[in-house]
Amino acid sequence: MKRILLLMFLCCCTAAITFATNRSALPDTLTIEPSAAPVAIDLRPYIGSLEDATGNLSIDAVPQLPFYTNNQLFHAAPRNNSKPNNCWLKINIKNPGNTNASWLLFTGWHDFMYWYQQAPGKMPGLLMQTGLMLDRGGVERWNNYGFVADIPPHDTRTFYLHIINKSFNENPFVPTLYNSAAFVTFQSTQVEGYRRESVVILVLLGMLLVILGISLINYIQLPDRSYLYFAIYVLGLILFFALRLESKPYQLSFFHRWPMLKYYWDIPGLLFCFYLMYLLFGNAFLNLKERYPFMERIFTWVAAVVGGLIIICIYLIAMEQYHLPTIIYGYVYFGTLVPLLAIFIALARRSQHHPLVKFFLFGSVCLYLACLGSFLIHVRPLGLVGALGELSAPTVLLIGGILLQAFFVLAGLSYRNKLVHMERTRTQEMLIKQLNKNKELQRKLNEQLEELVKEQTTEILRKKQELEEQRKIQLETEYVKKLTEIELKAIRAQINPHFIFNCLNSIQLFVMQRDFEFAQKYLSDFSYLIRKTLDFSRRNFISLADEITYLNTYLGLERMRFENRMEYEVVVDPEIATAELEIPAMLLQPYVENAVKHGMTNPKQVLGKLSIRFTQIESDMLECIVEDNGIGITRARELRSLPKHHQSSGMEISQNRADLLNKMYNTEIQIEIIDKALEQECNSGTMIRILIPQL
Amino acid sequence: MVKAVIIDDERNSRDIIALMLEKYCPFVEIAAMATDSTDGIAKIREHQPQLVFLDLEMPDGTGFDILTATQGEVSFEAIFVTAFEKKFLQIIRLSEVELILKPVDKESLLHAVNTVVRRVEDKQATQRYQVLMENFNSQQNHQWQVIIADNNSREWVVLLGDIEYFELADDKAVFYLRTGDTLSAAGTFRYYLELFSGLKFYQLNNSQIVRLSAVARLSGDGTRVILQSGRTLEISERRKKDLLTRLQGEH
């Protein structure tokens, strides 16, 4: 904005200076005879000008106003005026000759041009009007810029030319008067120059059309968004360049009926093509959304901003503010130069992983350099500000850049196609592979399933069998347990037939000796013992008190048998609650019996001594010791003269009983047999130590 | 008078035998009483008795020990006295040696004493004790010997393994031996049936008992048993299956 203000300020100053310096210089009347020879007269010294700052002046008012010569107004090269130029030119031409003189006035290519003629003493009348923004004619309109000045012999005519250049950029502005022959020459040179320029653009247009065609065809065949964006981009360029033709003299485009179109599609066209579509295309082409989401966001945002700017520009053009889009474009162009470089570098760093980036980058860099180059080309002849105005002007360099870029992009698109094709082929291959794999997998799964079913069936059968076996085993265990119990009872039942019959024998003796009292005592004790034996044999456990009574009775009877050659004692630890404590029934009995039997056989000991002691050695362990003073188990065994196969040890039976009890009740009854003679020479006898864990 | 020695470790037992002999067998003179086997052997040697009452088990030995020790020098008849006997009962009975059980009753005492006294009076050979000792020392019961008295009161010592079978004949038993000989026993069939029970003999029918290892095979129709000697015996229908099981157990 500052710059605009500055520019305007500068313009005002120059205008003021011009006004001040040229005010006094009145334009002369050009007196010239008609001649056949080509004549071209620079009219600058003869032409008066009037600047219409407000734009309110009409042809009726102008003749009364003073005209001054102002050389500052004219320029041979295009110029940026920094403001709209609305001026009136006035020239008086006198024909001193005898023939009618016909001149042609050419001042350049301007937006609006109105040509008035005034005969002396008459009001000026409009002879012709034309202009870049006005003339809708075909190619013939370019001839309208030579304004015809017909002057009768010896007469003077005043001509007014009203020029309005609304765009700040003004084409070369030099008023020159030609006779017909000179104008033809002038025109032909002009035509040649402009046509040469146009050929380049036409070739470009042709190429762009081909590219557009290719893109569209590709898009139809392969609906890829990048093709569409590229096609739109190319279409925008075609439109742009076609309209550039429109702005060059002696050229014709399809759009000559809409002369304003070239202004609308000037800066907005550039913004549209080089920024908006280019960014969108880049997004789609490089698939940035997936590959480079950060860049994608930048592209999208910039594109959106540019879209907004395009709308603003179009609006400004509609408001006849033609210079503002140029300025905006200047800002955009210079503002994006460095960021674009940064983007290029950022993309380049990704190029290794993304082959398409190379194509995009080469194309973009070509365009970038071409634009920069063409701007720089303009800077030298036009100055910086003038060159700014020509930013949108197509130069050969820019066209070359665009073409190169288009080719690169096209190549990129092809490569992308190839990639897509390869991808598709690969995907297809993978799909086929996957399909095959799936088939294989299905087959395997089926097999596995079959196997599993088989396995499980076997498993079930096995389990069933196992269960059956288990049941069998359980039954067997139960059976064994029962059997063991029965066996135990049987063992218990056959304990002491010898004893029984010996007792009976003793009783018989007493009876025969007529010692009835003793016989009765013997008989009652014996009866008690038999009764208890029968009772205990039905139970597995009895109380210790019962056991002690039983043992006392048994030993009493034995003592009677052995004629008091035997002594015995039963010692019970007073701490033991004999009534509550339970021990296996008839476990001790065989040991006691053995002790009685062997205790009586020691020739050295007249008196057999037997002692039974119950001690609580641990809270849950009862110790029973059955001790005798016999010859000891080792010698007793030695003395036995029975052949091997007849030997049966009472001890063995007792040990078996203990084992059976352990098995049945899952306990640990331990029986230890100690020969005292082995420990102490002087001592003899056997000690049985039985450990009964309390359940 | 018959001179007798009583050997028993229990006084009560000795007393009662002495008492009963005194009472019921006045013809028996008790020469001595011994309290254990050592004493017993000494007393036998000392008194040369004709009859010995022997306890089977004593603290320092058995009745067999006494027999073994004295058989060569003193010839006497023995009567075993025991409160309860299972182990040696069979060999004692096979040897036709007398045994009385405690408490002693008058009848069995008299029968035993009378039997042996008769033998003493008849001056019969004391081979039965030899047989008893041999049986006692034999490992397998088919090596056991049995003493069978024939109708002429002659006693035959027969190896159990030599008997093929015996059968009922007129209430008595007739033994058929492997050698082909026949022995008509004086004892009843029923007596031998009982004596041989628990040995490896099998009753084929009401009147015939065969030694299992003498059986070669069953005849084709299964009604007969063919022995190794070639003799055939009939078998009752209901015992056939049982016999086969027993035979299988045997082989």
- [ ] With 26 Å as the limit, write out which pairs from A:K289/A:K418; A:K532/B:K23; A:K482/A:K532 have Cα-Cα distances beyond it, or answer none.
- [x] A:K532/B:K23
Task: Gain on full stretching of the segment that runs from A:K463 to A:F407 - 0.36 nm per residue minus C-alpha separation - done: 12.4 nm
TODO: Taking the Cα centre of chain A as origin, sum charge times position over the Cβ atoms of Lys and Arg (+1) and Asp and Glu (-1), and report the length of that vector in debye to the nearest 20.
DONE: 3040
Open item on the list: Out of all Cα-Cα pairs in the range A:420-479, roughly what percent, to the nearest whole number, are more than 14 Å apart?
Closed with: 72
Task: Pair A:Q655, B:A169: separation of 7 Å Cα→Cβ label points (nm) - done: 5.2
- [ ] Quick one: of B:K3/B:K43; A:K604/B:K87; A:K597/A:K676, which pairs are farther than 22 Å apart, Cα to Cα?
- [x] A:K604/B:K87
- [ ] Find which of A:L397, A:Y528, A:L419 sits farthest along the positive direction of the dipole of the protein assembly as shown, computed with +1 on the beta-carbon of Lys and Arg, -1 on that of Asp and Glu, about the Cα centre.
- [x] A:L397
TODO: Using a 10 Å cut-off on Cβ atoms, rank the peptides B:231-238, A:283-290 from the highest mean neighbour count down.
DONE: A:283-290, B:231-238
Open item on the list: At q = 0.07, 0.12 Å⁻¹, what log₁₀ I(q)/I(0) does chain A have when each alpha carbon counts as one equal point scatterer in the Debye sum?
Closed with: -0.69, -1.22
- [ ] Alpha carbons only, please: Rg and Dmax for the range A:514-693, in angstrom.
- [x] 16.8, 52
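Which value at 222 nm does chain B reach when only helices count, each DSSP H run of 4 or more adding -39,500 (n - 2.57), with the total divided by all residues and rounded to the nearest 500 deg cm²/dmol?
Numbers: 8 runs with 85 residues, N = 251.
Dividing the helical sum by the residues of chain B leaves -10000 deg cm²/dmol.
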Task: Karplus-derived HN-Hα couplings along the range A:524-532 (A = 6.51, B = -1.76, C = 1.60, θ = phi - 60°), whole Hz, x at Gly and Pro - done: 5, 4, 4, 4, 4, 5, 4, 4, 5
Task: More than 29 angstrom apart: percent of Cα pairs within the range A:206-431 - done: 28
Task: Rounded Å value of the spacing that divides the Cα centres of the range B:1-18 and the range A:611-637 - done: 35
Task: Peptide-level mean, for A:499-505, of C-beta atoms on other protein chains within 10 Å - done: 6
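How large is the translational diffusion coefficient of the range A:304-422 in µm² per second when you combine the Kirkwood radius over alpha carbon pairs with Stokes-Einstein at 25 °C and 0.890 mPa s?
153
Taking the Cα centre of the range B:2-135 as origin, sum charge times position over the Cβ atoms of Lys and Arg (+1) and Asp and Glu (-1), and report the length of that vector in debye to the nearest 20.
Values: 15 positive and 23 negative charges, 71 e Å.
Computed charge dipole of the range B:2-135: roughly 340 debye.
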Open item on the list: As I understand it, the dipole of the protein assembly as shown uses +1 on the Cβ of Lys and Arg and -1 on the Cβ of Asp and Glu, about the Cα centre. Which of A:G236, A:P249, B:L99 lies farthest toward its positive end?
Closed with: A:P249
TODO: Could you point to the residue in A:G97, A:A119, A:A658 farthest towards the positive end of chain A's charge dipole, with +1 and -1 charges on the Cβ of Lys/Arg and Asp/Glu respectively?
DONE: A:G97
Task: Euclidean distance of C-alpha centroids, the range A:327-365 and the range A:570-604, integer Å - done: 113
- [ ] Could you work out how far the C-alpha centroid of the range A:106-182 sits from that of the range A:380-400, in angstrom?
- [x] 28
Task: Virtual spin-label span in nm between A:A348 and A:E517, 7 Å along Cα→Cβ - done: 14.1
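First check a/c for the range B:43-133, with a ≥ b ≥ c the square roots of the eigenvalues of its C-alpha gyration tensor; if it is under 1.5, answer rounded, and if not, answer prolate when a/b is larger than b/c or oblate otherwise.
It is rounded, given that a/c, with a ≥ b ≥ c, falls under 1.5.
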- [ ] Compute the length gained on full extension between A:V139 and A:A37: take 0.36 nm times their separation in residues and subtract their Cα-Cα distance, giving the result in nm to one decimal.
- [x] 33.9 nm
TODO: Which order do the peptides A:178-185, A:586-593 take when ranked by the mean count of other beta-carbon atoms within 10 Å per residue, highest first?
DONE: A:586-593, A:178-185
Task: As computed over chain B, the Cα convex hull volume per residue (Å³) - done: 135
TODO: Give me a single rounded figure for B:78-88: the average over its residues of other chain Cβ atoms within 10 Å of their Cβ.
DONE: 3
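For n ≥ 4 DSSP H runs only, could you compute -39500 (n - 2.57) per run for chain A, divide by its residues and tell me the 222 nm figure to the nearest 500?
It lands at -19500 deg cm²/dmol.
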TODO: Using θ = phi - 60° and the Karplus relation 6.51 cos²θ - 1.76 cosθ + 1.60, list the HN-Hα couplings for the range A:572-585 in order, rounded to whole Hz, with x at every Gly or Pro.
DONE: 10, 4, x, 6, 6, 7, 5, 6, 9, 5, 10, 10, x, 5
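Please give the average number of partner chain Cβ atoms lying within 10 Å of the Cβ of each residue in B:16-25, rounded to a whole number.
Mean shielding by partner chains, rounded to a whole number: 2.
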Open item on the list: Can you tell me which aspartates and glutamates have their Cα less than 16 Å from the Cα of A:K437? Leave out same-chain residues fewer than eight positions away.
Closed with: A:E429, A:E447
- [ ] Please list the non-local residues whose amide H lies under 5 Å from the amide H of A:A101, H modeled 1.01 Å from N, same-chain partners needing a gap of 5 or more.
- [x] A:I151
Task: Efficiency of FRET from Cβ geometry, B:K87 and A:K663, R₀ 41 Å, rounded to 0.05 - done: 0.90
TODO: With 10 Å bins from zero, work out the P(r) of the range A:113-196 over every alpha carbon pair and list the percent per bin.
DONE: 14, 42, 35, 9, 1
Open item on the list: Compute the angle between helix A:355-389 and the longest alpha-carbon principal axis of chain A, please, reported from 0 to 90 degrees and rounded to the nearest 10.
Closed with: 30
Open item on the list: If packing is taken as the average number of other Cβ atoms within 10 Å across a peptide's residues, how do B:75-82, A:531-538 rank, most packed first?
Closed with: B:75-82, A:531-538
TODO: Return the distance in nm (one decimal) between the two label points of a simple spin-label model at B:M133 and A:L435, each offset 7 Å from Cα along Cα→Cβ.
DONE: 10.7
Open item on the list: What does the extension gain come out to for A:L216 and A:T634, with contour length at 0.36 nm per residue minus their alpha carbon separation?
Closed with: 138.4 nm
Open item on the list: Which of A:L276, B:L193, A:L678, A:L410 has the fewest other C-beta atoms within 10 Å, and how do the rest follow up to the most?
Closed with: A:L678, B:L193, A:L410, A:L276
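Laboratory data are not the source of any read-out in this text; all were calculated from the coordinates shown. Just so we're clear, the structure is a prediction, and the values are computed from it rather than from any experiment. So basically every Cβ, Gly included, is an ideal-geometry build from the backbone, and we count neighbours across all protein chains shown.
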